[in-house]
Structure formats: C-alpha cells, structure tokens
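Participant: Below is the structure I would like to discuss, written out as structure tokens.
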Amino acid sequence: MKKFGIILTSLLLVAGLVTGCGSTPTTSDKGTDGLPADVQAIKDRGVLKVGVKVDVPNFGYKDPKTEEITGFEIDLAKAISKEILGTEKIETTAVTAKTRGPLVDSGDVDLVIATFTVTEERKKSYNFSDAYFTDGVKLMVKKDSGIQGLKDLNGKKIGVAQSATSKKAIQEAADKIEAKVTFMEFSTYPEIKAALDSGRVDCFSVDGSILSGYLDDTTVILADSFSPQDYGIASKKGNDGLAKLVNDTIAKQKTSGELDKMIQKWGLK
Amino acid sequence: MVGPFAWFKWEALFRDWTVFAEGLKTTIMVAVLSLALALILGIVFGVLGTSQWKLAKLVSRIYVEFIQNTPLVIQVYFLYHGLPHMDVMIPVFAVGVLGVGVYHGAYIAEVVRAGIDSIHKGQMEAALSQGFSFWGAMRHVILPQASRIVLPPLTNQAVNLIKNTSVLAMVAGGDLMYRADSWSSDNLYYGPAYVAIGLLYLLLCLPLATLTRRLEGKTGVSS
C-alpha cells in the first residue's frame with residue numbers, strides 16, 4: 001500500500017511538470033508611458049539584465065585581471081539599454097550553451113546576447129531578433145597533424161561545443177565529399193581546446209570568430225568556412241514588446257553604421 | 001508563451017527515443033563493468049586494510065584516502081585529458097569504467113574493512129589455529145560472516161555508482177547524461193530531456209535501493 005502511494009505521488013509530480021508550466025498568463029497591456037508592459041517592467045527596475053558569454057574573446061570575455069566583462073556583445077547590450085533606459089545600465093550574467101535557455105525561461109535575464117545562433121527549431125522556444133552578426137564555421141587543427149582541409153578529417157574526431165550548430169554544418173559538408181567524421185561534444189570552449197591539445201579530438205570546430213580567440217603557436221585555423229551562422233538576441237516568448245524594441249534598435253544601429261563600427265572596434269571583420 | 005515543458009517538446013523527445021536508448025545502454029554497461037572492478041578492488045584493499053602486515057595496511061590506507069579525498073571529476077579529467085600528454089590514450093569508455101570503478105573501489109574497501117572488523121578477532125585466531133592460511137580463513141570463515149553485514153552498504157554504493165557514471169557527460173562519454181545534454185542543447189528542449197533521464201536513472205536505482213532496505217531488514221541492521 002505504501003509503495004503504491006509512492007508511485008502515485010511520483011506520477012502526479014511528473015504530470016505536474018508536463019502540464020503545469022505551460023499556462024502562465026501573459027500580459028501585453030500598455031504601461032503608463034504607452035510602453036509595452038515587458039519593456040515598462042525593465043524601465044521600472046532601472047537596469048537591463050543580460051546573459052552574456054565570458055569565455056569568448058572579443059564577443060563577451062571576462063578579463064581575469066580586471067574582472068571586467070567586455071566585448072562586442074556587451075557594447076550591443078549597452079546600446080539596447082540606452083534605448084530603453086536612456087542610460088547604459090546593464091547587469092550581466094555569465095551564460096553557457098547549457099544555461100542560456102533556462103535563464104531566459106525563468107526570467108533571470110531579459111535578453112541573451114551570447115553568440116546564439118538562430119535556427120528554425122529554436123525560434124519555436126524563444127523570440128530571436130534579426131541577425132546582428134554572421135559568421136561561418138571553421139576548423140582548427142594542430143600544425144603538426146598535416147590536416148589541410150575537411151577531406152583530411154575522414155575517420156577523425158571533431159570536437160564541438162554543446163548547443164553549437166557547427167555539428168550540423170560540418171556533417172552536411174562532410175556528407176557531400178563522403179568523409180566520415182565523428183563528433184565529441186563538450187560544454188565549454190576551453191574543454192575542447194584541452195581535448196585538442198591532448199589529442200582526444202583531431203579538430204576543434206566552432207564559429208570562426210570564436211575560434212580565433214583560441215589560436216596559439218601549435219594550432220592553425222584552416223581556410224574552409226561552412227554554412228554562415230546568424231547570431232540573434234534571444235528573449236522570452238510572450239515578451240513581444242521587448243523583442244520588437246530589440247529588433248528596432250538593431251535596425252537603427254545597422255543603418256546608422258554604429259553596428260559596423262562596433263564590429264570593427266573588436267576586430268571581428 | 002511557450003513553457004520549457006510544452007507538449008511539442010515531449011513529442012520531439014519520443015521521436016528521438018533511440019538517442020536516449022543508446023545513452024542508457026552505455027550507462028548500464030559502464031555501471032556493470034565498473035561495479036565489477038570496484039568490488040574486486042574493494043575486497044582486495046578492504047582485506048589488506050585489516051591485515052597485520054604493516055605495508056599492506058599502508059598501501060590500502062593511501063589508496064582509500066587519496067581517492068576519497070579528491071573529486072571524481074578531477075580523477076576522470078586526469079584520465080581523459082592528462083594521461084594522453086604522457087602518451088597513454090585510454091578510450092573514453094574505459095576511462096568511465098576505470099574512473100568510476102577505482103573511485104567506488106575505495107568506498108567499498110572501507111565498507112569491507114568495517115565489515116571484517118566487526119567480526120570478533122577470536123574467529124580469525126580459531127581459524128588460524130585450525131591450520132587455515134590467512135587468505136583461507138578470510139575466504140571460508142570471516143568473509144561469509146562479514147558479507148551479511150556489508151551487503152546493505154554495498155548495494156548503497158552500487159546506487160551511488162550508477163549515478164556517478166554521469167561524470168562521463170563531461171568528457172563526451174556517450175552516456176545517458178551526455179545524450180541528454182547533447183540532444184537538448186541542439187533544440188533547447190531541456191525540460192523533457194532532463195525529466196526523462198531523471199526517471200531513467202530512478203528506474204535503474206530504485207530497485208537497488210529497495211533491495212538495500214530489504215537486506216537491512218533481514219540482517220537486522222536497521223533495528
């Protein structure tokens with residue numbers, strides 16, 4: 001009898017998970033200044049909460065000496081904050097591929113600006129802005145491996161990041177030239193670099209601009225570049241006012257040339 | 001508004017069930033093999049820990065303290081990322097078996113040692129005086145009595161061992177945890193993925209945990 005109760009309780013718990021979380025009511029009423037409620041909430045709080053990378057040089061990187069997080073995406077976050085609040089006031093949260101989705105869902109961050117590639121599948125779960133940066137997937141190998149291009153990687157192991165779309169891009173390209181490759185997924189970029197150094201993988205493959213931050217004397221980035229990836233700013237479904245504002249801001253930055261200036265400032269093109 | 005547990009995400013999970021089946025297979029295989037290794041190591045070092053031979057005692061002590069007082073993750077990182085720099089390349093599956101097996105071997109050694117210590121030393125003396133060798137006395141007199149006492153904590157270790165195989169996810173080991181990470185990070189349907197593998201781990205561990213409780217009742221440990 002007791003055991004039956006335990007089983008019943010666990011079933012109920014699971015049922016709660018399946019059904020309970022899908023039905024939070026959303027409000028899209030206008031705030032006091034005619035702003036959408038989600039934007040007004042940020043304004044009332046007085047700070048924009050953004051999830052950023054801290055391990056991608058030039059995009060979002062925390063300098064271990066100064067403890068300061070800087071990069072292209074941080075500047076972009078500041079520009080959006082200026083649009084909403086009138087000042088550059090942001091509160092950053094470090095995210096990884098694994099945490100950036102849940103952090104948006106829970107409302108811990110308003111936006112995620114973290115080399116987040118836009119895919120059709122992901123658009124079902126989050127609002128994505130138009131692309132603010134486009135980058136191709138590239139390959140990094142050890143100099144002494146003698147690997148010249150994708151065809152030399154036949155039968156080799158490629159290290160990729162979890163939640164990165166590079167796996168799909170490389171797989172498609174490899175299928176075309178009938179090269180057989182296997183993928184090993186790691187949760188952070190430094191781990192993939194460690195795996196490349198120790199020979200656990202033969203190739204480190206992520207978006208080119210991220211890869212360039214890990215280049216050293218023993219490694220080389222190959223010229224091949226695969227399916228361009230669009231980076232977008234993610235926000236919660238339902239916060240549509242915020243999503244529109246982000247899109248408008250990006251469009252404005254694009255036409256004014258501010259965006260290109262930022263990209264050049266961080267040496268990304 | 002789309003919640004982390006939206007129904008279409010569950011549908012995707014059931015569509016891709018083979019991904020998780022593969023992971024479950026790896027997890028079970030690593031768990032079984034590393035449990036075998038842990039039992040062997042645990043019994044050998046547990047018995048050594050109770051022997052009169054000073055050096056054996058010391059070796060057992062070093063093994064147990066060294067392994068118990070360093071995190072499993074670091075031990076596995078050492079096997080995976082460290083050893084290749086010394087030209088020792090162990091396949092990732094073996095890293096899992098070795099890492100988890102050696103780790104739990106240390107805990108089982110302590111369980112075995114405590115079990116043997118709980119048998120009155122008169123038993124050993126009597127066996128030796130009857131002409132048994134040390135290992136013969138262990139095998140035929142001490143261990144059969146101790147095994148009743150150590151079984152409940154031993155199954156408890158087996159449960160922990162199964163859960164700890166998830167460390168393989170950090171070194172691309174292809175186990176259940178890794179598959180869930182990999183699958184859910186592609187499409188960001190993390191809600192169903194982690195609930196599903198949580199239930200699978202529960203399915204593996206609950207029978208063992210129930211067995212532990214039964215055994216405790218039988219040997220009178222709990223009363």
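Participant: Given the criteria away from chain A (no Cβ under 14 Å) and over 30 Å from B:Val95 (Cα atoms), does B:Lys9 qualify?
Facilitator: Details: away from chain A (no Cβ under 14 Å): no; over 30 Å from B:Val95 (Cα atoms): yes.
So B:Lys9 does not fit the description; no.
Participant: Among the candidates B:Leu211, B:Leu161, B:Leu199, which residue alone is modelled with pLDDT under 90 and hydrophobic (A, V, I, L, M, F, W, C)?
Facilitator: Exactly one residue qualifies, and that residue is B:Leu211.
Participant: If you go through region B:96-144, how many residues are touching a helix residue (DSSP H, G or I) at 6+ places or on another chain (Cβ under 7 Å) and either open to solvent by less than 50 Å² (accessible area, probe 1.4 Å) or of a type outside the set (Phe, Trp, Tyr) (or both)?
Facilitator: Matching residues across region B:96-144 total 30.
Participant: In addition: Out of region B:119-158, which residues are of a type in the set (Ser, Thr, Tyr) and under 21 Å from the mean Cα position of the chain (by Cα)?
Facilitator: Hits for region B:119-158 are B:Ser147, B:Thr155.
Participant: Any chance region A:85-98 includes a residue that's open to solvent by less than 30 Å² (accessible area, probe 1.4 Å), assigned to a loop (DSSP other than H, G, I, E, B), closer than 13 Å to A:Gly232 by Cβ and within 14 Å of chain B (Cβ to nearest Cβ)?
Facilitator: To start, the set of residues in region A:85-98 that are open to solvent by less than 30 Å² (accessible area, probe 1.4 Å) comprises A:95, A:97.
Then keep just the ones that are assigned to a loop (DSSP other than H, G, I, E, B); that gives A:95, A:97.
Checking which are closer than 13 Å to A:Gly232 by Cβ leaves us with none.
No, there is no match, as no residue in region A:85-98 is open to solvent by less than 30 Å² (accessible area, probe 1.4 Å), assigned to a loop (DSSP other than H, G, I, E, B), closer than 13 Å to A:Gly232 by Cβ and within 14 Å of chain B (Cβ to nearest Cβ).
Participant: If you take just the strands (runs of 3 or more DSSP E) that sit entirely in region A:176-241, which of them hold at least 1 residues that are within 14 Å of chain B (Cβ to nearest Cβ) and surrounded by fewer than 20 Cβ atoms within 10 Å (Cβ to Cβ)?
Facilitator: A:181-186
Participant: I would also like to ask the following. Looking only at region A:44-60, filter to residues that are more than 12 Å from the chain's Cα centre (by Cα) and at pLDDT below 90; which one of those is least open to solvent (accessible area, probe 1.4 Å)?
Facilitator: That would be A:Pro57.
Participant: If only one of B:Leu188, B:Leu176 is surrounded by 24 or more Cβ atoms within 10 Å (Cβ to Cβ) and in contact (Cβ under 8 Å) with a residue 60 or more places away in the chain, which one is it?
Facilitator: Numbers: B:Leu188 fails: in contact (Cβ under 8 Å) with a residue 60 or more places away in the chain.
It is B:Leu176.
Participant: Looking for whichever is closer than 28 Å to B:Leu199 by Cβ and exposed (fewer than 13 other Cβ atoms within 10 Å of the Cβ) here; the options are B:Pro4, B:Pro71, B:Pro91. Which one fits?
Facilitator: Exactly one of B:Pro4, B:Pro71, B:Pro91 is closer than 28 Å to B:Leu199 by Cβ and exposed (fewer than 13 other Cβ atoms within 10 Å of the Cβ), namely B:Pro71.
Participant: With the structure loaded, tell me whether B:Ser166 is assigned to a helix (DSSP H, G or I), open to solvent by less than 50 Å² (accessible area, probe 1.4 Å) and at the interface with another protein chain (Cβ under 10 Å from one of its Cβ atoms) or whether it fails that test.
Facilitator: The answer is no for B:Ser166.
Participant: Just to be sure, is A:Lys156 open to solvent by 60 Å² or more (accessible area, probe 1.4 Å) and within 16 Å of the chain's Cα centre (by Cα)? So that I can check it myself, show each step before the final result.
Facilitator: Working: open to solvent by 60 Å² or more (accessible area, probe 1.4 Å): yes; within 16 Å of the chain's Cα centre (by Cα): no.
Taking the combined requirement at face value, the residue does not satisfy it.
Participant: Would you check which residues across region B:19-67 are open to solvent by 80 Å² or more (accessible area, probe 1.4 Å) and not aliphatic (A, V, I, L, M) and list them?
Facilitator: B:Glu22, B:Lys25, B:Gln52, B:Trp53, B:Lys54, B:Lys57, B:Arg61, B:Phe66
Participant: On to the next question. Testing B:Ala146 on (1) part of a helix (DSSP H, G or I); (2) closer than 30 Å to A:Val160 by Cβ, one condition comes back false. Which one is that?
Facilitator: Only one criterion is unmet by B:Ala146, namely (2).
Participant: Go through region A:61-84 residue by residue and tally those that are in a helix (DSSP H, G or I) and either in contact (Cβ under 8 Å) with a residue 12 or more places away in the chain or surrounded by 19 or more Cβ atoms within 10 Å (Cβ to Cβ) (or both).
Facilitator: Qualifying residue count for the region: 12.
Participant: A follow-up question, please. Just give me the residues in region A:88-114 being within 15 Å of the chain's Cα centre (by Cα) and within 14 Å of A:Ile69 (Cα to Cα), in sequence order.
Facilitator: Result: A:Thr92, A:Thr93, A:Ala94, A:Val95, A:Ile113, A:Ala114.
Participant: Do we have any residue at all in region B:72-95 that's away from chain A (no Cβ under 14 Å) and small (Gly, Ala, Ser)?
Facilitator: For region B:72-95, residues away from chain A (no Cβ under 14 Å) and small (Gly, Ala, Ser): absent.
Participant: Identify the residue in region A:117-153 that is of a type in the set (Ser, Thr, Tyr) and open to solvent by less than 60 Å² (accessible area, probe 1.4 Å) and, among all such residues, is farthest from the other protein chains (Cβ to nearest Cβ).
Facilitator: Among them, the one singled out is A:Tyr132.
Participant: Quick check on region B:14-54: of everything there that is touching a Phe, Trp or Tyr at 6+ places or on another chain (Cβ under 7 Å), in a helix (DSSP H, G or I) and within 14 Å of chain A (Cβ to nearest Cβ), which residue is farthest from B:Gly173 (Cα to Cα)?
Facilitator: Per the stated criteria, the residue is B:Val19.
Participant: So which pairs qualify, if the first residue must be in region B:31-42 and within 9 Å of B:Val100 (Cβ to Cβ), the second must be in a helix (DSSP H, G or I) and of a type outside the set (A, V, I, L, M, F, W, C), the Cβ gap must be under 6 Å, and the two must be at least 6 apart or on different chains?
Facilitator: As it stands, the answer is B:Ala31/B:Thr165; B:Ser34/B:Gly101; B:Leu37/B:Gly101; B:Ala38/B:Gly101; B:Ala38/B:His104; B:Ala38/B:Gly105, since those pairs meet every condition given.
The values are calculated or read from the model by the stated rules, or taken from the named source; none is laboratory data. This one's a predicted model, so the numbers in the text were calculated from it and none came from an experiment. Heads up, the Cβs are rebuilt from the backbone with ideal geometry, glycines too, and the neighbour counts pull from every protein chain shown. Only protein heavy atoms, including side chains, enter the accessible area calculation; ligands, DNA and RNA are left aside. Shrake-Rupley method; radii C 1.70, N 1.55, O 1.52, S 1.80 Å.
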